[in-house]
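The values are calculated or read from the model by the stated rules, or taken from the named source; none is laboratory data. Please read all numbers here as calculations on a predicted model, not as lab measurements. FYI the Cβ positions are ideal-geometry reconstructions off the backbone, even for glycines, and counts take in every protein chain you see.
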């Protein structure tokens, strides 16, 4: 895959999304919210629609905005606050444990490196890389289901698992796009390149896509 093709695709996606709102976690980062706020919002956003995540974040951060505050909130109350985000009970447990870890091991601060982030309850590579890129402005590629699906459809990578996608993208994606690629492809995946019934006819990057000439796509197995 030639760099100029990747850059052309990214430019077309950026132009398409110019008037669209960024995902909620990116919006919080643009507002210079704390790394802790970005970390918790990233955890809440998994498998959850943006509008649901936004309202859950507003309720939670109005009640408690620091690890030492959240640690005092009961499990039941925390579940009620973040409901109906996906897997809200599991996320509430992870958030409570995560806050305890931050207080005990990191003086209440979110670590700014991959190894320590991955040691936190409920934090996988996707969330860790998102926090590194958005909260700390470090070059990290966050591969969620949208990035994994779209880059496979485009033929940039040929992978079965998101971690493989991350590794392959690190080899071909110009570094200046690492921090931004997730924000772009999440929104594009929600609006155009959907997992089921993608809007190929309305897609400005269709000619660059290996699926672009297939008009009867229902779904694929890249998720």
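Of the residues making up region 194-203, one or more are in contact with a strand residue (DSSP E or B) (Cβ under 7 Å, 6 or more places away or on another chain) and surrounded by 14 or more Cβ atoms within 10 Å (Cβ to Cβ).
So is residue 30 assigned by TED's automatic domain parsing to the domain that holds residue 129 and in contact (Cβ under 8 Å) with a residue 60 or more places away in the chain or not?
No; evaluated as a whole, the condition is false for this residue.
Residue-wise test of (1) more than 16 Å from residue 12 (Cα to Cα); (2) in contact with a helix residue (DSSP H, G or I) (Cβ under 8 Å, 6 or more places away or on another chain); (3) at pLDDT below 95.
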residue: 145; (1), (2), (3): yes, yes, no
residue: 152; (1), (2), (3): yes, yes, no
residue: 170; (1), (2), (3): yes, no, no
residue: 186; (1), (2), (3): no, yes, no
residue: 193; (1), (2), (3): no, yes, no
residue: 214; (1), (2), (3): yes, yes, yes
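Yes or no: region 178-187 includes at least one residue that is in contact (Cβ under 8 Å) with a residue 24 or more places away in the chain, within 16 Å of residue 39 (Cα to Cα) and outside any loop (DSSP other than H, G, I, E, B). Within region 178-187, one or more residues are in contact (Cβ under 8 Å) with a residue 24 or more places away in the chain, within 16 Å of residue 39 (Cα to Cα) and outside any loop (DSSP other than H, G, I, E, B). Kindly establish whether residue 108 is at pLDDT 95 or above, buried (at least 16 other Cβ atoms within 10 Å of the Cβ) and farther than 22 Å from residue 22 by Cα. So residue 108 does not fit the description; no.
Just checking, which of 159, 207, 165 is modelled with pLDDT of 95 or more and either in a helix (DSSP H, G or I) or within 16 Å of residue 5 (Cβ to Cβ) (or both)? Quick ask: steps written out before the conclusion?
Values: 159 fails: either in a helix (DSSP H, G or I) or within 16 Å of residue 5 (Cβ to Cβ) (or both); 207 fails: modelled with pLDDT of 95 or more.
Only one candidate qualifies: 165.
The residues of region 189-204 that are farther than 16 Å from residue 6 by Cα and part of a loop (DSSP other than H, G, I, E, B), listed by number, are 192, 193, 194, 195, 197, 198, 199.
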